[in-house]
Amino acid sequence: MSDNSANALVSFDNIGIEFDGRTLLSDINMTIHKGEIVTLIGPNGSGKSTLIRTLLGLQQASSGRIQRHAQMRIGYMPQKLHIDPTLPLSVNHFLGLVKGVKKQDIPAVLARLSISKLAHKQVHYLSGGETQRVLLARALLNRPSLLVLDEPVQGVDVNGQIELYNLIASIRDELGCGVLMISHDLHLVMAKTDTVVCINQHVCCSGSPQHVKEHPEYQAMFGVPGAEDSIAIYSHHHDHVHDEHGEVTQNESHAHCNH
Amino acid sequence: MFDLLFRALLGGLGVAAVAGPLGAFVVWRRMAYFGDTLAHSALLGVALGLLFDINLNLAVIVLCVGLALILVTLQKKHIIATDTLLGILAHSSLSLGLVAVSFLDNIRIDLMAYLFGDLLAISQQDLYWIYGGGFIVLALLISFWKPLLAVTVNEELAKVEGYPVEAIRLLLMLLVALVIAVAMKIVGVLLITSLMIIPAATARKLSRSPIQMASVASLLGCLAVSGGLLASYQWDTPAGPSVVVCAAVLFLLAYSLPLGRAKA
């Protein structure tokens, strides 16, 4: 992380979160700067989403504080979009709901994300990858100085994931905004990440992707990075199929390829 | 006679026009059971109104809003599942209402009229309530349309973007309470939710945008009221239930005819 505190968008100071007497997070210290891409990584239930929800004001921290830059605006991309099927809603309508958005701003954002043709499509008929881009469009329409992305590549195939990460990085370059995202898997995201923070109730390790990858705590959680690419793909699907190993997961990733 | 029917039609149309768009929100947010609970409690409002000699519409509004607030508070505490909580409140408040009514020895009250509506007994004063209340509800719906819709579509996104989510949610409950109070005379406490839900559900099949669904629901509600009243006049059937039957027939028609506009 850079020492330049004037560029800090948001800093977490000793954040701790308890829920029902259970400690979800403790002593989280972290800073996100302008133009920096920070990736949160950690196993299921490690508190990644909780930390993001605290930043968004959807949840209260039990201790510590979050210092926000006065002019910080957050564009938030949730993990999923569930809209009741009884609600007829086109992509244009959905994006028009952003507070204070101007109708004429929508086409440019759609074009930037190469989804102009989706403008009149009903949200219920979007594929996984299309949904992610529409959600990203909504986040961008909020004119963010910080993009917060909760597993932005969920439900997207590997090629699509790389494409999305490239897109996020180029948007960062264009807007100069900070990016905070959650990821399950470091391998695909690492080329486009400045800082990785590995979380499991506390900050296990943080720094450059290479540094984190070699850190013993990271390796204890995610395994030593193997030479074969198949391992990398496997580790992405790891959390979705819970703790199964070996052949089962192999089948699992084949199923995804054939999809 | 004509005067009577005309007033009934005017009242019914006024209620249906407002119940439609609000019903759309009830359907989108899956608040049907919530609406039912408020409606059931309206009878208690009537009993209390008579007991303390205050305007019945006002008594019902106050009780519905009070109950809505209690519901929200209890919901936050996560004591029991929401549907169980609603079931408890709906039926205990209805029973409490019936018990309270039985204490009113010196006042004769037509229980059936409150339970199932008495469209043909609408007075001039009722019309003022319907159109006054209806106007307020519509005005609020229109001026808060975008925040209401944003909160309905995704509360978390709405909150991050700076919408006052809690206040909007409360506003919606308030509107439902208002409509119930105003519509009670038409279809009665047991049938009010149907006037909100059935036209909205029918409209879903015919619409491609939220505004379209809300307006179509309004129109379908008016159609159901006209048809129900006509049937009631023709065959001497009870007016409130006839309106609901008519709405249900429209629903069945919309979903069995090959209209398919809701597809992508």
**OP:** Could you point to the residue in A:M72, A:P85, A:G47 farthest towards the positive end of region A:1-138's charge dipole, with +1 and -1 charges on the Cβ of Lys/Arg and Asp/Glu respectively?
**Re:** A:P85
Original post:
How many partner chain Cβ atoms sit within 10 Å of a residue's Cβ in peptide B:140-150, on average, as a whole number?
Top reply: 2
Subject >> Cα-Cα over 32 Å, subset of B:K77/B:K185; A:K48/B:K205; B:K159/B:K185; A:K48/B:K77; A:K192/B:K76; A:K121/B:K77 >> reply: B:K77/B:K185; A:K48/B:K205; B:K159/B:K185; A:K192/B:K76; A:K121/B:K77
Original post:
What list of whole percents do you get for P(r) of region B:1-47, with Cα-Cα distances grouped in 5 Å bins up to the one holding the largest distance?
Top reply: 5, 18, 15, 18, 20, 14, 7, 3, 0
Original post:
How much net charge surrounds A:G100 when only other residues with a Cβ under 11 Å from its Cβ are counted (Lys, Arg +1; Asp, Glu -1)?
Top reply: +3
**OP:** Please list, in chain and number order, the residues 5+ apart from A:L24 or on another chain whose amide H is under 5 Å from its amide H, with Hs placed from the backbone.
**Re:** A:I17, A:E18, A:F19
Subject >> Environment charge at A:A169 (Cβ cut-off 12 Å; Lys +1, Arg +1, Asp -1, Glu -1) >> reply: -3
Original post:
Separation of region A:141-171 and region B:63-115 by C-alpha centroid, Å?
Top reply: 49 Å
Original post:
Can you give the accessible area per residue of the protein assembly as shown, in Å², using a 1.4 Å probe?
Top reply: 46 Å²
Original post:
Rounded to the nearest 500, what is chain B's calculated 222 nm mean residue ellipticity when only DSSP H runs of at least 4 contribute -39500 (n - 2.57) each, over all residues?
Top reply: -27500 deg cm²/dmol
Original post:
How many nm is it between the label spots at A:D20 and A:E214, if each spot is 7 Å from the Cα in line with the beta carbon?
Top reply: 4.2 nm
Subject >> Neighbourhood net charge (13 Å Cβ-Cβ; Lys/Arg +1, Asp/Glu -1) for B:L50 >> reply: -2
Original post:
What ranking, highest mean first, results for peptides B:28-39, A:122-133, B:180-191 when packing means the other Cβ atoms within 10 Å averaged over each residue?
Top reply: B:180-191, B:28-39, A:122-133
Original post:
Which listed residue (A:L9, A:G21, A:V101) has the Cα farthest towards the positive end of the charge dipole for region A:1-133, taking +1 on Lys and Arg C-beta and -1 on Asp and Glu C-beta about the Cα centre?
Top reply: A:V101
Subject >> Partner lysines for A:K103 [C-alpha distance under 16 Å; skip if fewer than 8 residues away on the same chain] >> reply: B:K146
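The values are calculated or read from the model by the stated rules, or taken from the named source; none is laboratory data. Note that this is a predicted model, so its numbers are computed, not measured. Cβ coordinates were reconstructed from backbone atoms using ideal geometry, including for glycine residues, and neighbour counts include every protein chain displayed. Each accessible area value is taken on the protein alone, full model and side chains, heavy atoms only, with ligands, DNA and RNA left out. Shrake-Rupley method; radii C 1.70, N 1.55, O 1.52, S 1.80 Å.
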